[in-house]
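These notes are about the structure you will find just below.
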Amino acid sequence: MNVVSSVAEVRAQVKEWRRLGLSVGLVPTMGYLHEGHKSLIVRAVAENDRVVVSDFVNPIQFGPSEDLESYPRDIEADARLCESAGAHLVFLPRPEDMYAPDFCTYVDMRGLTEGLCGKTRPTHFRGVCTVVSKLFHIVTPDRAYFGQKDAQQLAVIRRMVRDLNFDITIVGCPIVREKDGLAKSSRNTYLNAEERKAAVVLSRAVELGRSMMEKGERSASVVLSAMKGLIEKEPLARIDYVEMVDAVSMQPVTQADGAVLCAMAVYVGKTRLIDNFIFEG
Ligand code: PAF
């Protein structure tokens, strides 16, 4: 497995793979890799001849008061995980490799990006769409892999690929959870012992909402108030949002007629965590 930091090195390697007729998968990450990322890499390795993992804490998807500086990093552990999962190339650019000082071109999307996480993070998806477009242009993969935990991000990327005619298949992969149900996230590392226990309230709310819908409940307000009620009983938790939206358009629904996404962002202490489930109807 090779670790490279320049765009030119990635391009040269991919060019060589293409010359040999090999397919290429891309797993975009911000590093501090865990089992959730590993499941994406393992899937990519199973479905492609060669796999590139990008490891880049993308500054432009963080708001001014967010955790860019404190975002956890461990490049050596990341390389070990990529190697053990079977990746072939890790692309580890420095911010200056990705953004020239006079960088001024962004990929922006309306609609899908305005609700849910977009409400409290108004510039986040512009940063995500921009960096993912750049990675797509640099790596030119056949397939790219994203976790379902960031459900809005996955929907946004699928739409961007359609709208901008990227010839890339987007593969969404299931949420990987800790034993007690907490969705794996690099940000779980911010939680102290007490907060870590409290954080299980997110997956409990997911289970509750899902089981209500499986039993036939279709009213968004009934499902959401039960989920919110459960979260509000946890003193360390503070709801940012708990919403039911159409699974494709990300627009709020009052009734689950087709496929819907039930998504939440909840602060546990100072850490903002997300979780969700999709109900196909
Ligand atoms: O999901 C992430 O880790 C990031 O948003 C992504 C897709 C790697 C873009 O920086």
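The values are calculated or read from the model by the stated rules, or taken from the named source; none is laboratory data. The model shown is predicted, which means the values in this text are computed figures rather than measured ones. Please note: Cβ atoms are built from the backbone with ideal geometry, for glycine as well, and neighbour counts cover all protein chains shown. Side chains are part of the model used for accessible areas, which takes the heavy atoms of the whole protein and leaves out ligands, DNA and RNA. Shrake-Rupley method; radii C 1.70, N 1.55, O 1.52, S 1.80 Å.
What's the total number of residues in the range 7-31 that are crowded, with 20+ Cβ neighbours inside 10 Å and within 11 Å of the ligand (Cβ to nearest atom)?
Total satisfying the criteria: 5.
Of everything in the range 32-47 that's assigned to a loop (DSSP other than H, G, I, E, B) and either within 23 Å of H137 (Cβ to Cβ) or open to solvent by 30 Å² or more (accessible area, probe 1.4 Å) (or both), which residue is nearest to the ligand (Cβ to nearest atom)?
Looking only at the range 32-47, we keep the residues that are assigned to a loop (DSSP other than H, G, I, E, B), and these are 32-34.
After this cut, where a residue has to be either within 23 Å of H137 (Cβ to Cβ) or open to solvent by 30 Å² or more (accessible area, probe 1.4 Å) (or both) as well, the list is 32, 34.
Details: Y32: 9, H34: 11 Å.
Among residues in the range 32-47 that are assigned to a loop (DSSP other than H, G, I, E, B) and either within 23 Å of H137 (Cβ to Cβ) or open to solvent by 30 Å² or more (accessible area, probe 1.4 Å) (or both), the one nearest to the ligand (Cβ to nearest atom) is Y32.
Among the residues of the range 99-117 satisfying the criterion of being surrounded by fewer than 20 Cβ atoms within 10 Å (Cβ to Cβ) and within 13 Å of the ligand (Cβ to nearest atom), which is farthest from M250 (Cα to Cα)? Lay out the reasoning, then the answer.
To start, the set of residues in the range 99-117 that are surrounded by fewer than 20 Cβ atoms within 10 Å (Cβ to Cβ) comprises 99-111, 114-115.
Applying the additional criterion that residues be within 13 Å of the ligand (Cβ to nearest atom) yields 99, 107.
Working: Y99: 30, V107: 19 Å.
Ranking the qualifying residues of the range 99-117, first place goes to Y99.
Out of all the residues in the range 135-149, is one or more more than 17 Å from V161 (Cβ to Cβ) and out of contact with any Lys or Arg (no Cβ under 6 Å at 6 or more places or on another chain)?
Taking the range 135-149 as the starting set, the residues that turn out to be more than 17 Å from V161 (Cβ to Cβ) are 149.
This time we only want the ones that are out of contact with any Lys or Arg (no Cβ under 6 Å at 6 or more places or on another chain), so: 149.
Scanning the range 135-149 turns up at least one residue that is more than 17 Å from V161 (Cβ to Cβ) and out of contact with any Lys or Arg (no Cβ under 6 Å at 6 or more places or on another chain).
Restricting the search to the range 165-181, which residues are touching a residue at least 40 places away in the same chain (Cβ under 8 Å) and away from the ligand (no atom under 14 Å from the Cβ)?
Correct list: P174 only.
Quick one: is E243 within 26 Å of G281 (Cα to Cα) and touching a Pro at 6+ places or on another chain (Cβ under 8 Å)?
yes
Taking the condition within 12 Å of the ligand (Cβ to nearest atom), within 15 Å of T189 (Cβ to Cβ), in a loop (DSSP other than H, G, I, E, B) and touching a Pro at 6+ places or on another chain (Cβ under 7 Å), does Y71 pass?
Criteria not met by Y71.
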